[in-house]
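Chemist: My questions will all concern the structure given below.
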Amino acid sequence: MSCDTPAAPRPRRPFALTGRMVAAMLVLFFGVIVSVNATIMTVALRTMPGVETRSAYETSQHFNEEIARQHERDARGWKAAATLARQGEGATLGVALADRLGQPLSGYAATGRLRHPATSARDHDVILSERQPGLYEARFDHIEAGSWILELQARRGEEVVFVSRSRITLPEK
């Protein structure tokens, strides 16, 4: 007569923390940290590279001259009032230039740069056309809503006679 008895369970080895396991955990832990840091740094540099000018040294050599020209421009008392209005997918930028007495400034070549505060990839260079005396306009086919920095220049021939920098906002649709 045979008796079937269940087999005795195999004895389990107790858990042992080995050097290989510790090394693997360290490599995995620091690998995750390095990969997250690399991802964050890549995204940060793509959205804001931090470069404002190509050569800071060359720009600095003309700093005092530019300050003197700006004081000269400020003494004129000219003002610029800018608006950015939505039109379908695009928008219209309107700039009214006026002298110290509020009289329109006419006959200037107005150009500008509509800068996005976060990234230069979204910047727009614009040439404004004079629609009425002292009223200059530019149209955009497609532009994102939000806050923008308008850097405006008015020229008479080759001479820059007016410079303005202002923040304007384009509302959502």
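Only the coordinates and a few stated rules stand behind these numbers; no lab work does. Predicted model, so just to flag it, every value in this text is computed and none were measured. Because the Cβ atoms are built from the backbone with ideal geometry, glycine has one as well, and the counts that use them run over all protein chains shown.
Chemist: Which value in nm describes the separation of the simple spin-label points at Thr18 and Lys173, placed 7 Å from the Cα toward the beta carbon?
Modeler: 6.2
Chemist: Here are some values of Cα Rg over 2.2 N^0.38 Å: (i) 2.04; (ii) 1.00; (iii) 1.14. Which one was computed from this structure?
Modeler: Only one listed value fits the structure, namely (i).
Chemist: I've got another one for you. Would you work out the charge dipole size for region 65-170 about its Cα centre, treating the Cβ of every Lys and Arg as +1 and the Cβ of every Asp and Glu as -1, and quote it to the nearest 20 debye?
Modeler: Charge dipole, region 65-170, about its Cα centre: 280 debye, nearest 20.
Chemist: So what's the back-of-envelope 222 nm ellipticity for the chain, counting only DSSP H runs of four-plus at -39500 (n - 2.57) apiece and dividing by all residues, rounded to 500?
Modeler: Taking each H run of at least 4 residues, the total per residue is -9500 deg cm²/dmol.
Chemist: Let me ask you something else. Modelled label-to-label distance, Asp125 and Ala85, 7 Å Cα→beta-carbon offset: nm?
Modeler: If labels sit at Asp125 and Ala85, their model points lie 2.8 nm apart.
Chemist: Do any GluC sites (Glu not before Pro) in region 14-121 lie in a loop, going by DSSP, with at most 12 other beta-carbon atoms within 10 Å of their beta carbon, and if so which?
Modeler: Of the GluC sites (Glu not before Pro), the ones in loops of region 14-121 whose Cβ has at most 12 other Cβ atoms within 10 Å are Glu52, Glu89.
Chemist: Let me ask you something else. Report relative contact order for region 1-112 in percent, whole number only (criteria: Cα-Cα under 8 Å, sequence separation at least 6).
Modeler: 12
Chemist: If you line up the long axis of helix 63-76 against the longest principal axis of the chain, both from Cα atoms, how many degrees apart are they, to the nearest 10?
Modeler: Rounded to the nearest ten degrees, it is 50.
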